[in-house]
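Notes follow the structure.
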Amino acid sequence: MKYEVQNWLKSKKAIIGLGATALLIMTGVFQYKLNTKVSDISALKSNLSTCFSRVNQSYTAKVIGDSNSMYLESGFMKMTEECLAETNGFSESIFAENAVKLGQALNALISDVHWFHERVEESSSSFSDKDAEVMLSNLSDRFEKLEMKYDNVDGELISKEKSITLSKNNLTILLITLCFIVPLLLLWDLAQRKNLDQRNSNSEKEAKDRIDSGEVIVHSEVANIIKDALEQNHLVYCSKLFSQFHALSNLSPVKDSVGQIQAMITDKHVTEEEIDNIWTKSEEIDCVVRNAEGGSSSEQTDTVYEGPVTDVDQILTKVVNHLSNKLLADGVIIDLNIADNLRIQGEGEAVEQVVYNVIMNSVKNCQVSDSTGRITIEGKKVGSKVFINLTDSGNGFEKEFLSALNGLGNVEEHVPLSLQISKELIEDSLGSISFDNLYREGEINGSKVQIVMEAVDAPTKRVASVKAGTKQEILEAIKEQSL
């Protein structure tokens, strides 16, 4: 279990390092945002305290009866209300919609301050007509309620500040931890790479020394060198496969063949019979290996294709003749260059539909310019495959079209339905179709569509039998067969 965990960590160390680096950057960004928010809350508290101190100054002037004080002027009290309104706007910019309770408390405080100022102005205009003590008592009760609401708002701000400060402290701890972890991961990766390079160098030196020694090959020594080299490069399954192969090889008479191979190298006078014996033993070893891998010692015969067969020249000629009037009307020239006896696996109707769709798409591409369009169709056989290349001199395929076919976009949005159907028809016949642009001097000079299908060999006539006889006897036999 411990070994598996170590191997997992070694294989994922690059991802872990990138993740730790990304986390370090994100932590730094969040740390900066939290520091900014703490500073903004401190400024908000200071602004709110300044605004409420202005309310307190108006109340104090009213209590002491200083009717000529500037704190009882309408302009001063209006500026106080504007101060609270700006503070409320600043609060909304800081917390947005995340502090509903704070916003409600601050709005209630602003509303009450406005009401308090109206009462102060009313009492100033009719102070001589009413009992002063009753008036001041009502104002004092209202001011006490204002102080309670101010304390409520201030308490909410303090709570928010403590919560953000706690988060900032936790992020600081994480940031410091990552500042230690990331360099350690980088150093660990560097040490691992250096260690691996050293071990690979030692393996190479050991293998070179073994080759330069000129001694008889000892399988166990060679197996250990190769096995260690595979394992230290984390090719675990390759090492296991090699170990199984080596174990299977030891089951066959390898030692005798090795000795004979060494004798053949040292002795130049080796008979053909001895070479055949060594070759026979080598084939027996290969047979053992094939049986161990689930194969068969006998040669497998090729399966004969018995499905539908399509003549390429016939299909292309049929489609071109069918489109001849449209090609003439659109001013497009088609050149056919098809090798003889090209026959492929697949339904003729499906191949005909694919060729028709591709040619129609090429004709559409060639209609973008006033010059005469040209479409070239070439067909040839390479090995067991038949290649049909269709090129045109149009404006080529769009970037989104090629990206969608390569799995980097929406096929249904960027690929025409006719070409989607063509691609599926070709793939159903175990073939492939590819689309690309042609370039000249860095600019698109046309497009190319390549269709690859499995070839079918043309039937050959064979001699069924040979009969001896005179010319007259052979003619009589032919007449009898025709009857």
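The values are calculated or read from the model by the stated rules, or taken from the named source; none is laboratory data. Note that the coordinates shown come from a computational prediction; the quantities given were computed from them, not determined experimentally. Ideal geometry is used to build each Cβ from the backbone, glycine not excepted, and the neighbour counts take in all protein chains shown. Remember, those area values only see protein heavy atoms, side chains included, never the ligands or the DNA or RNA. Shrake-Rupley method; radii C 1.70, N 1.55, O 1.52, S 1.80 Å.
Tabulated values for the structure
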{"quantity": "Qualifying residue in the stretch 137-149 (condition: under 21 Å from residue 54 (Cα atoms), of a type in the set (A, V, I, L, M), touching a Lys or Arg at 6+ places or on another chain (Cβ under 8 Å) and at pLDDT below 80)", "calculated": "yes"}
{"quantity": "Check on residue 23, closer than 30 Å to residue 188 by Cα, among the aliphatic types (A, V, I, L, M) and within 60 Å of the chain's Cα centre (by Cα)", "calculated": "yes"}
{"quantity": "Unmet criterion (only one of (1) outside any helix (DSSP H, G or I); (2) at pLDDT 75 or above) for residue 462", "calculated": "(2)"}
{"quantity": "Candidate set from the stretch 333-359 (those that are in contact with a Gly (Cβ under 8 Å, 6 or more places away or on another chain) and among the polar types (S, T, N, Q)); member that is most open to solvent (accessible area, probe 1.4 Å)", "calculated": "337"}
{"quantity": "Selection from the stretch 64-87 of residues that are in a helix (DSSP H, G or I), modelled with pLDDT under 85 and open to solvent by less than 70 Å² (accessible area, probe 1.4 Å)", "calculated": "72"}
{"quantity": "Test result for residue 327, out of contact with any Leu (no Cβ under 9 Å at 6 or more places or on another chain) and modelled with pLDDT under 85", "calculated": "yes"}
{"quantity": "Some residue of the stretch 224-242 being surrounded by 13 or more Cβ atoms within 10 Å (Cβ to Cβ), modelled with pLDDT under 60 and part of a helix (DSSP H, G or I)", "calculated": "no"}
{"quantity": "The listed residue being of a type in the set (Lys, Arg) and touching a strand residue (DSSP E or B) at 6+ places or on another chain (Cβ under 7 Å), out of 380, 318", "calculated": "380"}
{"quantity": "One residue from 111, 126, 93 being open to solvent by 30 Å² or more (accessible area, probe 1.4 Å) and either at pLDDT below 85 or of a type in the set (Asp, Glu) (or both)", "calculated": "93"}
{"quantity": "The stretch 1-28, subset open to solvent by 70 Å² or more (accessible area, probe 1.4 Å) and closer than 22 Å to residue 176 by Cβ, residue modelled with the lowest pLDDT", "calculated": "18"}
{"quantity": "Residue check for residue 307: out of contact with any helix residue (DSSP H, G or I) (no Cβ under 9 Å at 6 or more places or on another chain), under 15 Å from residue 456 (Cα atoms) and without any contact (Cβ under 8 Å) to a residue 60 or more places away in the chain", "calculated": "yes"}
{"quantity": "Scan of the stretch 53-63 for residues that are without any contact (Cβ under 8 Å) to a residue 40 or more places away in the chain, among the hydroxyl-bearing types (Ser, Thr, Tyr) and open to solvent by less than 60 Å² (accessible area, probe 1.4 Å), ordered by number", "calculated": "53"}
{"quantity": "Strands (runs of 3 or more DSSP E) (entirely within the stretch 333-448) containing at least 1 residues that are without any contact (Cβ under 8 Å) to a residue 24 or more places away in the chain and in contact with a Cys (Cβ under 9 Å, 6 or more places away or on another chain)", "calculated": "none"}
{"quantity": "Odd one out for residue 445 among (1) open to solvent by less than 60 Å² (accessible area, probe 1.4 Å); (2) touching a strand residue (DSSP E or B) at 6+ places or on another chain (Cβ under 6 Å)", "calculated": "(1)"}
